[in-house]
């Protein structure tokens, strides 16, 4: 395919980004949620004046600090990796993608970094109210930071508010508000931050359960469970609601990802939703399409059609319909899109050539095509397909997307149930007797992290091969560096981040053992 | 408001914002400078804890400024982001590594069950302080000395190898550290960061032994700073630079280009000279006046002015700010590497937040630094690094 781009460079670059992003995402959700839980606790302290609440706030703040530091450390890499490993991407869409990153720095990072110093060191230096304000500002700063990076990510999944400028050979922003308030961005933001809030709530509930089982820190544990469970329950409901909204959008903006997460190979009217399924190989499977059959399946009839379109008999396209096309439902085959993308690319090459040889008439003619809605909607929108050499390249890893999605959804509902049970236990004042529930809460902490990571696997692996949906595949976005360099840095990051994570866990466990003393 | 500005004016405005962020970043590198002095200024564990905590309350400002500097560069001049980061891979990765290990070092250093030991994280802080400053200075020096890269926007139309910018040296940017002129700026930044940190300690720490050692150290670091800084500046003013012909955009060598820029932009020249004097005043007054502790503000403000003026020399007056010595016509200017007019206008409105950000930073800084850090505070404080 790409004679001069080593496929292993693309894979190692993807691997490095995935590695650093997944490490970063271990720490971010806890920061997002715990900051609000701490702010709520401190608010209670300021309103009641009870020293116990100050002690509780400070305990969770210590754990917050340990987690926050490593989150910051792993985050800086991601921003710069867009340049170091995806330089073509940086130019092709930097005009749009760079803005949220800069705004994130100016609006959110400074807010966080300024007031986190007051939050940690200001107890005896500033007034109670100023300290409380600082704690809230840290919490808002963390979520504000998430807003901008998620707006940027949502734009990659559903590029809106821009046009292609053939002179600069890049996409340029036309409408900032359309980028910011794209429905995909709004749902992604709510879904992602509430997932962080739920994870943090489960983290607090799990640790407190351990204290209750050990009969230690009982006051801290029960009060913390109350705050975290209420916060977690409200967040869980928002999480499920926004998740449903995301799925409805997915079928329109990324139908291939939608088909992959449901393991839907052949489109159906009245398609059923797979509640539980096990994917395995069958003799007739086409390996090149990542397509495997279900060996076991529990389906809710017609529910997928309803989830996607609000109608029980609606047609939901499958992987094969999207690759081969489906005339009845106006689905264009990928091979056709590849031809259209190639034509868009060749038109751009002709334009550049006309400009270089000073053929102003030809240049003006070709330039006008990039402003012609017919050319934009029928050819340029498939620009990225022009870089593919096999229609099957548009199929993501179906089993990975399917399992990740179902793990995420299943655990999401389980978390809701668990938080309800904890609130009931607290209400009836019988939490200490419910040993099984307490043990379950401890084992739920890693499950919360698993669900959180699975969510990002769905979002990012499910959209392969696109860096920018339909416009730029990974192999055309990568930097011109040798694969060996990326392999070396991949392992350097893997070793460094693993070592830091080990240190973080060791310190965190010790602090939990020490308690609020 | 910003809509009425010309495209060129917007590009110049954004170069000024980048210059401002870059110059504030260099000032805030005092945190890094201080990290290289922990063992020379602090002889006991308590003294080192005081120093680490004095720096630890500010490290996030430096870190955040670096990240914002990167983000703002990406948003306003994406071709630089694409070309430099994607090409000088190893330099940028090395800088990032230095900052990754710093971010955890403060929080983890003194915590129980820190499996790598306190010393490991102090070594991390030293590496960040030494290598981070030298590499950043060296990387910025290439704005004047050039790098080996090529850019061809038409490459995006090629099915095979569509990458638009490529580095034409096999060393991924590390070759910049072998250029003495680049290195002179790297070392000047390193010694300046140490000087700024000493002045910061004098301003914010109340510990007699530390202050005595700090003054001695200030003298020892001022001499190499002056030598490396003067080497860089004199060399800069006599070297050929990278001029741009505005109508055609053609880049060519021009003897004494940066000296010409200084003469042709008297405001920048004034800023540079005034900044240099302020840097020297802050150092001199601290050395000569017993009990004087406000040197950080003069030297700090002077640093911002000098670095800002250096960025102006690199980017304004029809100069290529990121020149290519491999292919002059691939050189980046504020005109050919910027974002679209619409994006620059949108971002300019966001830039109006900067004064508010600075205001709350100053307010919070003053609230925390109202009293100097003492050994007693380290024993009573609940959150100690």
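Any read-out appearing in this document is the output of simple, stated calculations on the displayed coordinates, not a laboratory observation. Given the structure is predicted, the values throughout are model-derived calculations rather than measurements. Because the Cβ atoms are built from the backbone with ideal geometry, glycine has one as well, and the counts that use them run over all protein chains shown.
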- Query: Which whole number gives the average count of other chain Cβ atoms within 10 Å of the Cβ atoms across peptide A:69-78?
  - Reply: 6
- Please order A:91, A:177 by the number of other Cβ within 10 Å, starting at the fewest. A:177, A:91
- Note on the structure: segment B:1-116, Kirkwood Rh and Cα Rg, ratio Rg/Rh at 1.10
- Task: List, largest first, the extents of the alpha carbons of segment A:13-86 along their principal axes, each in whole Å.
- Result: 52, 15, 13
- Roughly how many Å is it from the Cα centre of segment A:291-331 to that of segment B:10-80, as a whole number? 53 Å
- For the Cα atoms of chain A, what angle does the longest principal axis make with the long axis of helix A:483-514, in degrees from 0 to 90, nearest 10? 20 degrees
- Principal-axis tilt of helix B:354-368 within chain B, Cα atoms, nearest 10 degrees: 10 degrees
- Quick numbers on segment A:65-143, Rg and Dmax over C-alpha atoms in Å, give 15.9, 50
- Percent antiparallel among DSSP beta bridges confined to the protein assembly as shown, nearest 5, equals 95 percent
- Counting other C-beta atoms within 10 Å, which of A:463, B:239, B:57, B:366 has the fewest, and how do the rest follow? B:366, B:239, A:463, B:57
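First measure r as the distance between the Cβ atoms of residue A:269 and residue A:377, then evaluate 1/(1 + (r/R0)^6) with R0 = 22 Å and state the FRET efficiency to the nearest 0.05. Please report the intermediate quantities before stating the final value.
Values: r = 27 Å, r/R0 = 1.22.
Efficiency for this residue pair is about 0.25.
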- Query: For the residue pair residue A:390 and residue A:339, what label-to-label distance in nm results when each label sits 7 Å from Cα along the Cα-to-beta-carbon direction?
  - Reply: 2.2 nm
- Message: Test of understanding: what is the full-extension gain from residue A:280 to residue A:427, defined as 0.36 nm times their sequence separation minus their Cα-Cα distance?
- Response: 48.3 nm
- Extent of the protein assembly as shown along each principal axis, from alpha carbon coordinates, in Å, largest to smallest? 86, 84, 48
- Query: What whole number of Å gives the distance from the Cα centroid of segment A:185-230 to the Cα centroid of segment B:246-295?
  - Reply: 54 Å
- Note on the structure: Full extension between residue B:360 and residue B:301 adds, at 0.36 nm per residue less the Cα distance, a length in nm of 19.4 nm
- Message: For peptide B:56-68, what's the mean number of Cβ atoms from other chains within 10 Å of each residue's Cβ?
- Response: 6
- Note on the structure: Here the FRET efficiency for residue A:364 versus residue A:237, based on Cβ atoms and R0 = 51 Å and rounded to 0.05, is 0.35
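Ranked by Cβ crowding within 10 angstrom, fewest neighbours first, how are A:104, B:3 ordered?
With the sparsest Cβ surroundings first, the list reads B:3, A:104.
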- Taking the Cα atoms of chain B, report the difference between the largest and smallest coordinate on each principal axis, in whole Å and largest first. 65, 46, 44
- As a check on your grasp of the helix formula, calculate [θ] at 222 nm for the protein assembly as shown: sum -39500 (n - 2.57) over DSSP H runs of n ≥ 4, divide by the residue count, round to the nearest 500. -23000 deg cm²/dmol
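Quick one, what does Rg over Rh come out to for segment A:160-232 if you take C-alpha atoms and the Kirkwood Rh?
So for segment A:160-232, dividing Rg by the Kirkwood Rh gives 1.42.
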- Average other protein chain Cβ within 10 Å of Cβ, residues B:86-97: 6
- Task: If a/c stays under 1.5 just call it rounded; otherwise compare a/b with b/c (prolate if a/b is bigger, oblate if not). Do that for segment A:329-391, with a ≥ b ≥ c from the square roots of the Cα gyration tensor eigenvalues.
- Result: oblate
- Dividing the alpha-carbon Rg of segment B:151-251 by 2.2 N^0.38 Å yields what? 1.72
- If one computes the Cα centroid of segment A:370-413 and of segment A:84-102, what distance in Å separates the two points? 20 Å
- Task: With a bin width of 10 angstrom, please list the P(r) values of segment A:243-282 as percents of all Cα-Cα pairs, from the 0 bin to the one holding the largest distance.
- Result: 24, 58, 17, 1
- chain A - Rg and Dmax from Cα coordinates, angstrom: 25.1, 85
- Expressed as a rounded percentage, what relative contact order does chain A have, with Cα pairs under 8 Å and six or more residues apart? 20 percent
- Tilt relative to chain B, helix B:59-76 - C-alpha long axis, 0 to 90 degrees, to 10: 10 degrees
- Message: Once R0 is set to 22 Å, what does the formula 1/(1 + (r/R0)^6) return for the Cβ-Cβ distance between residue A:216 and residue A:435, expressed as a FRET efficiency to the nearest 0.05?
- Response: 0.90
- Query: Highest mean first, what order results for B:161-171, A:320-330 on Cβ atoms within 10 Å?
  - Reply: B:161-171, A:320-330
